[in-house]
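Take a look at the structure set out below.
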Amino acid sequence: MDKPKISIEDFKKIEIKIGEILSAEKVPETDKLLRLTVNFGEEAPRQIVSGISLYFPEPQALVGKKCAFATNLEPRTIKGLESNGMILAVSGGEAGSQYFSLLESSQSIPPGASAK
């Protein structure tokens, strides 16, 4: 299902930065949620809660990855945890041929680098 078109001015409001995942763990009593601690080159790392657990049965596999995140979303509380951003990924496909991929960057890109 296609989403409505937005103006370039609306798109420019989204802040996309590279973050390095410092830790990843399953959120207790949930099937889909992971709690990520992410370095964006800021004073302190951010906590981000994401529904990607089904794709990462071993959350530690995410540690050290540098991925794209939307970083200027209003904080949201999910299962009692405050989430301060959203990891960007692509997914889709038909049953039996589904795909999922995080939007990862080159390891040479520093945490906090932003899309222009």
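Just so you know, all these numbers are worked out from the coordinates, no wet-lab data involved. Source: prediction; values computed, not measured. Virtual Cβ from ideal backbone geometry, glycine too; neighbours counted across all protein chains shown.
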Exercise for review: Note down the relative contact order for the chain as a percent, whole number, built from C-alpha pairs under 8 angstrom at least six residues apart.
Suggested key: 28 percent
Study note, to complete from the structure: Connecting every pair of Cα atoms under 10 Å apart in the chain and solving the GNM, the largest mean-square fluctuation among Asn84, Asn39, Asn72 falls on Asn72
Review point. Do the alpha carbons of any pairs in Lys5/Lys66; Lys3/Lys32; Lys3/Lys65; Lys5/Lys32; Lys12/Lys79 sit beyond 26 Å of each other, and which pairs?
Key: Lys5/Lys66; Lys3/Lys65; Lys5/Lys32; Lys12/Lys79
Revision key, fill the gap. Counting Lys and Arg as +1 and Asp and Glu as -1 over every other residue whose Cβ sits under 15 Å from the Cβ of Ala68, the net charge comes to +2
Review point. Among Ser23, Ser101, Ser50, which one shows the biggest mean-square fluctuation in a GNM of the chain, springs joining Cα atoms closer than 10 Å?
Key: Ser101
Point to revise | Ascending count of other beta-carbon atoms within 10 Å, so fewest first, for Thr37, Thr71, Thr77 | key: Thr77, Thr37, Thr71
Practice item. Using θ = phi - 60° and the Karplus relation 6.51 cos²θ - 1.76 cosθ + 1.60, list the HN-Hα couplings for the range 97-109 in order, rounded to whole Hz, with x at every Gly or Pro. Key: 9, 7, 9, 8, 8, 6, 8, 9, 10, 4, 5, 7, 6
Check your understanding: GNM, the chain, Cα, under 10 Å: largest mean-square fluctuation among Ile52, Ile14, Ile87?
Key -> Ile14
Point to revise | Value of Rg to Rh for the chain (Rh from inverse mean 1/r over Cα pairs, i.e. Kirkwood) | key: 0.97
Practice item. Could you go through the range 6-21 in sequence order and give the Karplus-derived ³J(HN,Hα) for each residue, using 6.51 cos²θ - 1.76 cosθ + 1.60 with θ = phi - 60°, rounded to whole Hz, and x for Gly and Pro? Key: 10, 6, 4, 5, 5, 4, 5, 6, 7, 9, 10, 10, 7, x, 9, 6
Revision key, fill the gap. In whole Hz, the Karplus estimates of ³J(HN,Hα) for the range 41-55 (6.51, -1.76, 1.60; θ = phi - 60°; x where Gly or Pro) are x, 9, 4, 9, x, 9, 9, 10, 9, 9, x, 10, 4, 4, 8
Revision key, fill the gap. About its Cα centre, the chain carries a charge dipole, from +1 on Lys and Arg Cβ atoms and -1 on Asp and Glu Cβ atoms, whose size in debye to the nearest 20 is 160 debye
Point to revise | Ascending count of other beta-carbon atoms within 10 Å, so fewest first, for Lys66, Lys79 | key: Lys79, Lys66
Exercise for review: Using only Cα atoms, locate the centre of the range 12-69 and the centre of the range 78-106, then give the distance between them in Å, rounded to an integer.
Suggested key: 10 Å
Point to revise | With at most 16 neighbouring Cβ atoms within 10 Å, loop GluC sites (Glu not before Pro) (DSSP) excluded, longest segment of the chain | key: 44-93
